[in-house]
1. Per DSSP H run of at least 4 residues, take -39500 (n - 2.57); add these up for the chain, divide by its residues and hand me the 222 nm value, nearest 500 deg cm²/dmol.
2. Looking at PRO79, LEU145, LEU21, which one has the Cα that reaches farthest to the positive end of the dipole of the chain (charges on Cβ: Lys, Arg +1; Asp, Glu -1)?
3. With a sphere of radius 12 Å drawn around the Cβ of THR30, what net charge do the other residues whose Cβ falls strictly inside it have (Lys, Arg +1; Asp, Glu -1)?
4. Could you pull out every whole DSSP H run in the chain that spans at least 24 Å of Cα extent along its own axis and averages 1.6 or higher on the Kyte-Doolittle scale?
5. Which value, in debye to the nearest 20, describes the size of the charge dipole of the range 175-310 about its Cα centre when Lys and Arg Cβ atoms bear +1, Asp and Glu Cβ atoms bear -1, and nothing else is charged?
6. Before I look further, what does the range 8-144 give for accessible area per residue, probe 1.4 Å, in whole square angstrom?
7. Can you list residues whose amide H is under 5 Å from VAL164's amide H, if they're 5+ apart or on another chain and H is modeled 1.01 Å from N?
8. Beyond 26 Å, what percent of the Cα pairs of the range 299-433 remain?
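The values are calculated or read from the model by the stated rules, or taken from the named source; none is laboratory data. Model, not experiment: these values are computed from the prediction. Here Cβ is always computed from backbone atoms with ideal geometry, including for glycine, and neighbour counts include all displayed protein chains. With ligands, DNA and RNA removed, areas are computed over all heavy atoms of the protein, side chains included. Shrake-Rupley method; radii C 1.70, N 1.55, O 1.52, S 1.80 Å.
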Amino acid sequence: MLFLEKFFKLKDHGTDVRTELLAGLTTFLTMAYIIFVNPSILGDAGMPKDSVFVATCVAAALGTLIMGLYANYPIALAPGMGLNAYFAYVVVKGMGLPWQVALGAVFISGCLFLFVSIFRIREMIINGIPHSIRTAITVGIGLFLGIISLKSAGIVVSNPATYVTLGNLHESGAILAICGFFLIVALDRMKVRGAILIGILAVTVASFVFGGNKFMGVVSAPPSLDPTLFKLDIMGALSVGILNVVLVFFLVELFDATGTLMGVANRAGLLKAGKLDRMNKALLADSTAIVAGAFLGTSSTTAYIESAAGVQAGGRTGLTAVTVAVLFLACLFISPLAGTVPAYATAPALFYVACLMLRELTEIDWDDTTESVPAAVTALLMPFTYSIANGVAFGFITYVVLKLLTGRVKQVSAVAGIISGVFLFKFIYLGAG
C-alpha cells in the first residue's frame with residue numbers, strides 16, 4: 001500500500017487505494033461492452049472474432065497500463081468506436097482492401113501520431129483544424145454508427161427503390177434490439193453502473209429463449225492470437241495509395257484522444273491553467289497503444305470518455321487505470337460468452353453511443369454558414385456515402401471554398417488548406433472511394 005501511495009502520489013491527489021480501485025471498476029463496467037462489440041464489428045471485415053477478442057483485451061490492457069504507469073492519469077484506453085466501424089465497413093468492405101492492409105494503415109497512422117506527440121507538433125495541427133469540422137467529425141461518426149447499428153438490428157434494410165427502408169419489426173432480433181436500447185437508456189439515466197454492458201448481456205440472455213441462440217459456456221482458456229498477431233501488411237498499405245484512409249485514422253485519433261483527455265482531466269480537476277501538464281505523456285501512451293494494437297490485430301486504440309465515470313467515482317491517479325487494465329486481462333478467460341453475443345445485442349449499445357455523439361451539434365455556430373454548412377456537409381456525407389473519409393474530405397473542401405468565395409481566406413489555416421488540397425487532389429486525380 002505504501003508503494004502505491006508513493007508511486008501514484010495518492011495523497012497529493014486527495015485519494016486513496018480503495019477509492020482508486022472502486023473507480024477503476026466503475027470505469028471498466030462502463031466500457032467493457034467493447035470486448036463484445038469490437039469482435040462483432042471487425043468480424044464483419046472477415047477477421048477471426050476469437051483472435052480479435054484477445055487483441056481487444058490485450059490492446060486495451062496495454063494502452064491503459066501505459067497511461068496509468070507512465071502518465072499517471074485515471075484514463076482508460078481501448079479500440080475506438082467509430083474507428084472500428086470505419087476500418088470494417090469503409091476500408092475493408094467498402095474499398096475492398098484486405099483487413100491485413102487496413103491494419104497496416106492503422107500502424108502507419110499510429111506512427112504519425114507517435115511522431116507528432118514526440119516532437120510536440122500536435123497543438124499546431126489541432127489549432128489549425130476549424131472547430132466546426134472537429135465537432136462535425138464526431139457528429140458524423142455518430143450518424144454513421146447509427147445506420148450501422150440499425151442495419152445490424154434488422155430495423156433498417158436495403159430497398160432498390162428508396163435505398164433504405166424499415167425492416168421486419170416482427171423478427172425476434174429487431175424486437176430484442178429495441179428492448180435492449182430502451183433498457184440501456186433507462187439504466188444509464190438512472191446512473192446504473194455498467195448500463196451498456198447490462199443491456200448487451202440482457203439481450204444476449206433473451207436471445208437464448210427467443211432468438212434461437214446457443215449457449216457455449218462462460219469461462220475457458222484464452223483463444224489463440226496467432227490468426228491476427230503480426231498479420232498487418234504495412235507495404236500493402238503503402239502501395240495501394242490509401243493516403244485518405246491513413247489521414248482519417250490519424251485525424252480522428254488525434255481529435256478523439258485530445259478531446260477525451262482534456263474532458264476527463266477537466267472533470268477530475270487535473271487541468272492547470274486550462275492545460276494538461278502531462279498531455280504529451282498521455283498522447284505517447286495513446287499512440288503506443290495504436291501501434292501495439294495494429295501488431296496484435298485490432299483497429300485504433302484511443303482514450304475512452306467512459307473514464308469520466310471512474311473520475312466521478314473518485315479516481316484521480318493512474319492506479320484507477322491500472323485497475324482497468326487488470327480487469328481487461330481477466331476478461332481473456334470469458335471468450336465463450338463473447339462468442340455467443342449476437343449482432344442485435346450489440347446494436348442497441350452502438351445506437352445509444354450514436355445518440356450521445358449527436359449532442360456535439362450544439363457546439364456549431366449555426367449563424368455563420370461558412371462554418372455551419374461545412375460542418376453539416378461533413379456529418380451528412382458520412383452516413384449517406386457510407387464513408388467517414390468522404391465526409392471529412394468534402395467538409396474540408398467545402399470549408400475552404402466557402403471561405404474563399406466570401407472573402408474570408410485569412411480564416412483558413414495552413415493546416416486546413418493543406419488537408420483540403422490533399423483530398424481535392426485525391427478526388428480529381430485518383431478518383432473517389
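1. On the way: 19 runs with 269 residues, N = 433.
So the helix-based figure for the chain works out to -20000 deg cm²/dmol.
2. LEU21
3. Residues near THR30 contribute 0 overall.
4. Numbers: long enough: 49-66 (25 Å, 1.51); 99-118 (28 Å, 2.04); 131-153 (34 Å, 1.21); 172-189 (26 Å, 1.83); 243-268 (37 Å, 1.35); 279-296 (25 Å, 1.17); 388-405 (26 Å, 1.78).
The qualifying helices are 99-118, 172-189, 388-405.
5. Working: 10 positive and 8 negative charges, 97 e Å.
The calculated dipole for the range 175-310 is roughly 460 debye.
6. Working: 4160 Å² over 137 residues.
Here the residues of the range 8-144 average 30 Å² of exposed surface.
7. Amide H neighbours of VAL164, under 5 Å, 5+ apart: ASN159.
8. Values: 4355 of 9045 pairs.
When every Cα pair of the range 299-433 is considered, 48 percent fall beyond 26 Å.
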